[in-house]
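*Asks:* Pasting in a structure now, in structure tokens, and then I'll have a few things to ask.
What follows is calculated from the coordinates using simple rules that are stated; it is not laboratory data. All values derive from a computational prediction rather than experimental measurement. Cβ placement follows ideal geometry from the backbone for every residue including glycine, while neighbour counts extend to all protein chains displayed.
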Amino acid sequence: MKATPTSHNLPLHFENFTTLAEALDYAAQGETGYNFYSGRGKLYAVLSYKKLREEARTLARKLISLGVSRGSRVALVANTHPEFVRFFFACQYAGFIPVPLPAKIQLSGRDEYVNQLERLLSICQAKLAMATDDFMPFLVEAATRLDIHFVGNPQTYDKFPEAQVKLKPLVKSELAYLQYTSGSTRFPRGVMITQEAVLDNLSSIINNGVKIGSGDRAVSWLPYYHDMGLVGLLLAPLACQISVDYISTRDFAMRPRLWLKLMSENKATISFSPPFGYDLAARRLRDDEVGSYDLSGWRVAGVGAEMIRTEMLEGFAEKLAPSGFNAQAFVPCYGMAECSLAVCFGPLGKGMLTDQVDADLLAELQIAKPVKPAPIGENGRSSTFVVCGGPLPGYELEIRGSEGQVLPERQCGTLYLRGPSVMSGYFGDLKATREVLTPDGWLNTGDIAYQVESGVVITGRSKDLIIINGRNIWPQDIEYLAEIQSEIRTGDATAFSIPNPHGDELAVVMVECRENDKQKRLDLVKRLNRLIRQELGIDCIIELVPRNTLTRTTSGKPSRHATRNDYLKQLAAGQLGSSPEINA
């Protein structure tokens with residue numbers, strides 16, 4: 001078995017596609033495509049764009065034979081597998097709307113995953129549903145109480161006859177897919193993205209964000225049910241006819257070096273990851289392994305999907321420098337599912353552009369005044385943010401205050417944006433749509449940000465903001481102080497606020513801790529409390545909890561909203577006790 005090539009004879013073509021089916025029709029004339037690797041790093045499936053088109057069109061006729069109407073939703077459990085890709089594009093040709101579902105079973109249990117699938121199937125009113133064998137039992141159970149026309153694995157669908165009809169692919173005004181939001185602050189909603197919207201975003205990503213060339217090749221471990229994985233690393237490569245090499249998200253989490261191995265061996269030039277992915281890869285890699293990789297060709301190391309912490313990327317760049325990795329390859333980005341994917345890109349070849357501001361002034365007056373950074377522990381009260389670059393063509397950005405007024409540079413407020421790839425709305429939820437989308441097309445992102453000359457700076461989510469004594473405290477700042485402790489892993493802390501009996505807010509951080517020694521746990525809480533007071537000027541309740549306690553979103557991030565609700569329930573039941581050091 002041989003992977004699809006990097007170089008090919010088909011001229012690169014980025015413009016004038018009006019649908020995903022058109023993009024595949026063109027890509028199928030070349031030799032490139034998708035390649036799937038096992039957890040051992042072995043190539044186990046090759047799906048060229050030519051083969052994908054043939055198989056998708058055949059499957060499309062079989063789906064049509066089931067008799068469901070045009071525009072029906074087809075729910076697809078989106079594990080990193082060629083079958084998901086085949087079904088996704090079969091829907092494009094058949095006139096159905098694919099709906100990627102999470103393929104992530106939390107260690108907290110089967111029942112939670114089944115309930116999640118049931119809710120998602122219900123929201124999108126799926127008429128057909130598919131999962132590979134690994135996920136089929138969960139999907140069948142989730143669909144039991146729902147009116148779904150047919151639920152099956154790929155082999156079952158393949159047994160249906162082909163309808164003898166002329167295929168009528170989805171047109172540009174129709175939906176391309178439904179993309180569920182991650183549900184970080186509320187339950188996921190189905191984002192409606194039209195063909196026209198996603199094709200515009202793909203064109204901007206390819207031409208302006210990444211600037212694809214004929215020698216480019218991508219590697220991805222991102223899940224297909226996340227917008228960065230679906231749009232950025234599945235649809236974008238197809239729309240510019242380059243090859244992609246995949247490992248599953250689960251395999252990456254277990255062996256992050258596989259990511260680097262594929263980048264090196266296949267001479268890939270492009271990959272994207274949330275900051276924690278870079279951090280995980282660097283921490284898991286032994287010093288004596290670094291020299292075995294050649295990452296000198298990695299020209300676009302995209303970073304997005306969550307708040308970008310400079311220390312994570314700096315650690316990765318320092319660790320991988322002997323492999324030829326260049327920190328100037330980092331490209332900070334900003335986007336969201338409600339905009340198809342991307343809104344802003346940092347400039348290529350410049351690395352991270354950062355902005356250090358007075359933390360007290362930002363917290364109290366929402367003004368981002370530049371200062372020189374101070375090391376942690378010196379009480380300099382500065383915050384460092386990464387500039388996510390300027391907007392893609394056709395996008396307008398405004399920072400608005402609480403009264404709706406447009407704010408000047410370096411004034412913090414809510415980020416609003418308007419552009420060609422903004423969603424049509426949330427499926428079946430007009431009320432939620434009207435809450436975030438104005439009649440003239442402005443989208444309230446729910447993100448707090450400010451603008452500088454070089455682009456937009458995201459400081460956090462408005463719904464996550466902790467306000468104590470009139471000061472704005474960002475939960476990620478508390479989480480960072482917890483996660484730099486040697487006992488705590490990155491991503492294992494979640495901060496939020498709860499009301500005290502007087503109606504004021506109290507900060508809480510729940511921390512998954514593997515340390516069992518009682519005195520060492522007590523020392524950790526005391527140390528962390530001192531650091532939070534010193535750096536942020538607040539008291540904070542610190543709860544050390546067992547591993548796998550924190551509730552996470554479908555993209556693997558801790559959900560502050562859900563964790564807060566769980567905390568309040570446990571507190572009411574007397575199952576938690578706040579840190580004895582809170583008043584020490």
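*Asks:* Given N472, G419, Y225, which one lies farthest toward the positive end of the charge dipole of the chain, if we put +1 on the Cβ of every Lys and Arg and -1 on the Cβ of every Asp and Glu?
*Replies:* Towards the positive end, the residue furthest out is Y225.
*Asks:* Sticking with this structure for a sec: If the viscosity is 0.890 mPa s and the temperature 25 °C, what Stokes-Einstein diffusion coefficient in µm²/s follows for the chain when Rh is the Kirkwood radius over Cα pairs?
*Replies:* Value of D from the Cα-based Kirkwood radius: 99 µm²/s.
*Asks:* Could you list H8, H81, H226 in order of exposure, starting from the residue whose Cβ has the fewest other Cβ atoms within 10 Å?
*Replies:* H8, H81, H226
*Asks:* For L295, list long-range residues whose amide hydrogen, built 1.01 Å from N in the peptide plane, is under 5 Å from its own amide hydrogen.
*Replies:* Amide H neighbours of L295: G324, F325.
*Asks:* Here is a follow-up. Over 31 Å between C-alpha atoms is what I'm after, so list which of K211/K369; K369/K463; K211/K431; K166/K431; K369/K518; K50/K159 land there.
*Replies:* K211/K369; K211/K431; K166/K431; K369/K518
*Asks:* A follow-up question, please. Label points 7 Å out from Cα along the Cβ direction at T354 and I467: separation in nm?
*Replies:* Once both label points are built, they end up 3.0 nm from each other.
*Asks:* Extending each Cα 7 Å along its Cβ direction at S214 and K518, get the distance between those two points in nm, one decimal.
*Replies:* Rounded to a tenth, the inter-label distance reads 7.2 nm.
*Asks:* Extension gain E314-D294, at 0.36 nm per residue separation less the Cα-Cα distance, in nm?
*Replies:* In short, 5.4 nm is gained.
*Asks:* Okay, moving on. How large is the helix-only mean residue ellipticity at 222 nm for the chain, computed as the sum of -39500 (n - 2.57) over DSSP H runs with n ≥ 4, divided by its residue count, in deg cm²/dmol to the nearest 500?
*Replies:* About -8500 deg cm²/dmol.
*Asks:* Got a sec? Charge dipole of segment 20-344, +1 on Cβ for Lys and Arg, -1 for Asp and Glu; which of V68, V151, I270 is way out at the positive end?
*Replies:* V68
*Asks:* To continue, here is another question. Tell me, in nm to one decimal, what length is gained between S486 and Q125 on full extension, where the rule is 0.36 nm per residue of separation less the Cα-Cα distance?
*Replies:* 125.3 nm
*Asks:* Once fully extended, how much extra length lies between E265 and A432, figured as 0.36 nm per residue of separation less the alpha-carbon to alpha-carbon distance? Display every interim value, and only then the final one.
*Replies:* On the way: separation 167, 0.36 × 167 = 60.12 nm, distance 4.62 nm.
Using 0.36 nm per residue and subtracting the Cα-Cα distance, I get 55.5 nm.
*Asks:* How would you classify segment 79-203 from its alpha-carbon gyration tensor, with a ≥ b ≥ c the square roots of the eigenvalues: rounded for a/c under 1.5, else prolate if a/b is greater than b/c, otherwise oblate?
*Replies:* Details: a/c = 1.92, a/b = 1.21, b/c = 1.59.
Oblate, since a/c reaches 1.5 and b/c is not below a/b.
*Asks:* Counting other Cβ atoms within 10 Å, keep those with at most 15, restrict to DSSP loop, and tell me which trypsin sites (Lys or Arg not before Pro) in segment 212-281 are left.
*Replies:* Sparse-neighbourhood loop trypsin sites (Lys or Arg not before Pro): K267.
*Asks:* Evaluate the charge dipole of the chain about its Cα centre and quote only its size in Debye, nearest 20, assuming +1 on the Cβ of each Lys and Arg and -1 on the Cβ of each Asp and Glu.
*Replies:* 1300 debye
*Asks:* Just check segment 408-450 against the gyration tensor rule for me: Cα atoms, a ≥ b ≥ c as the square roots of the eigenvalues, rounded for a/c under 1.5, and otherwise prolate or oblate depending on whether a/b exceeds b/c.
*Replies:* Working: a/c = 2.92, a/b = 2.02, b/c = 1.44.
Verdict is prolate for segment 408-450.
*Asks:* Hey, if you put +1 on the Cβ of every Lys and Arg and -1 on every Asp and Glu Cβ in the chain, which of T438, A253, N208 ends up farthest toward the positive end of that dipole?
*Replies:* It is A253.
*Asks:* OK, next. Summing +1 for each Lys or Arg and -1 for each Asp or Glu, what net charge is found among the other residues whose Cβ lies under 12 Å from the Cβ of T194? Show your work: numbers first, answer last.
*Replies:* On the way: positive: K172; negative: E174, E196, D200.
Combined, the nearby Lys, Arg, Asp and Glu give -2.
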